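In what follows, a structure is listed as structure tokens, so that the remarks can point back to it.
The values are calculated or read from the model by the stated rules, or taken from the named source; none is laboratory data. Just so we're clear, the structure is a prediction, and the values are computed from it rather than from any experiment. Counting neighbours? That spans all protein chains shown, and the Cβs are built from the backbone with ideal geometry, glycine included. When the accessible area is computed, the model is the full protein with side chains, heavy atoms only, and any ligands, DNA or RNA have been set aside. Shrake-Rupley method; radii C 1.70, N 1.55, O 1.52, S 1.80 Å.
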Amino acid sequence: MAEPIKNKRPDPAAPTPQNTPANAAPISSHAQQPGISSIKEEDLTAASIFAKDPRLVSLIQGRLGSLVGRSSGYIESLPAEVKRRVAGLKGIQKEHSKLEAEFQEEVLQLEKKYFAKFTPLYEQRSAIVNGKTEPTEEQVQAGEENAEEEEGAAIKEEKPAESAEKVAGIPEFWLSAMKNQISLAEMITDRDEGALKSLVDIRMEYLDKPGFRLIFEFAENEYFTNKTITKTYYYQNESGYGGDFIYDHAEGDKIDWKPGQDLTVRIEQKKQRNKTTKQTRIVKKTVPTESFFNFFSPPKAPSDEDDDAASDIEERLELDYQLGEDIKEKLIPRAIDWFTGEALAFEELDEDDMEDFDDDEDDDEEDDASEDHDDEDESEEEEEDGTKPKQEPTECKQS
């Protein structure tokens, strides 16, 4: 539905006759080698040269960047009647862009329409997970039929395990589902699990303007006082080139941590010794640390002053946006499949298909390389034997 994060800097234009190439031209490392025997060949590579002088890289990037989008003079040189046709095509493209924007808006309205139909199902799921109600016989039967198709009839033969204590709902449902979702699992630390065990529901809602809000609902716990923690994703008012909504920024709620329970920081202890009195003391310092709850403190958009810092922040923004999309499009709609791990199997299947496709291409390249190598071997063997390859007899012409 939405385009990836749009960089703050202008997007490079696609290569056209009137524009220079958008991508920086690769710098060849096959420069002519100086005739000085003391210089090693590896010292002449572009990587080694740039490593010694990073300013050279910045200079070249700046020069190439200034060429992007600059007219080559081709369009200006066209005859007047051709320029008129080009202008006409641009007018047609504007009409196309309007229709694309209308299409995306209708898709959004259709999503909202069906989301309203999904909501009662999500409410039933929440009630069962938290022990407020039990599933109906029809729901259980439908679930068992689905399991039988995948695992066989063994599910009916198994007897439910008897427990001394009666268990309400499905304990740690959302924590288990999140840990099976790869992108989220990488963010969850051992310290986070205690707080995430109190997670009772994850849901979302659409905004009045383009965007959506993720809502995490928690039971009473020892870590923070918030009953809900939300994160809102906003899109830009203007649509993108293809009519898609463009992600702008995200905002998260402030977490009201209980004293000493902030999971996003850790305490470092360091000994300091007084040079005069020779006495030592322990100094405690609070430093940021990895935690899933950093998700609610999204990175801010980069400034144009520091290119290196901007690149790092843009990567974090891209990841942050993708995590929100994964929760909205994958975790919430199919939470039970992530809890059981069935959704993970489909994710792995998609990755395997891509790997198989890549392997086929690699095999073809290897076969081509092998054939070329065999041809070279045959030629070398003939040279070693002192014989030349047989040639077709030529016609003898006599006068």
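Output the residues belonging to region 164-195 that are without any contact (Cβ under 8 Å) to a residue 40 or more places away in the chain and out of contact with any Lys or Arg (no Cβ under 6 Å at 6 or more places or on another chain). So that I can check it myself, show each step before the final result.
So in region 164-195, the residues without any contact (Cβ under 8 Å) to a residue 40 or more places away in the chain come out as 164-168, 171-172, 175, 179, 185-186, 190, 193-194.
Hits for region 164-195 are Ala164, Glu165, Lys166, Val167, Ala168, Pro171, Lys179, Glu186, Asp190, Glu193, Gly194.
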(message) Can you report the number of residues in region 92-133 which are in contact (Cβ under 8 Å) with a residue 12 or more places away in the chain, more than 31 Å from the chain's Cα centre (by Cα) and open to solvent by less than 40 Å² (accessible area, probe 1.4 Å)?
(response) 1
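Conditions tested, residue by residue: (1) free of Cβ contacts under 8 Å to residues at least 40 places away in the same chain; (2) farther than 30 Å from Glu100 by Cα.
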| site | (1), (2) |
| --- | --- |
| Lys227 | yes, yes |
| Gln236 | no, no |
| Asp244 | no, no |
| Ala250 | no, no |
| Ile255 | no, yes |
| Val265 | yes, yes |
| Gln279 | yes, yes |
| Lys285 | yes, yes |
| Phe296 | no, yes |
(message) I'm checking my understanding of the structure. Among residues of region 258-287 that are open to solvent by 60 Å² or more (accessible area, probe 1.4 Å) and among the hydrophobic types (A, V, I, L, M, F, W, C), which one is modelled with the highest pLDDT?
(response) Ile267
(message) So, in region 223-245, exactly how many residues are at pLDDT below 95, of a type outside the set (Ser, Thr, Tyr) and either assigned to a loop (DSSP other than H, G, I, E, B) or open to solvent by 40 Å² or more (accessible area, probe 1.4 Å) (or both)?
(response) 7
(request) Just give me the residues in region 205-214 being surrounded by fewer than 21 Cβ atoms within 10 Å (Cβ to Cβ) and among the aliphatic types (A, V, I, L, M), in sequence order. (result) Leu207
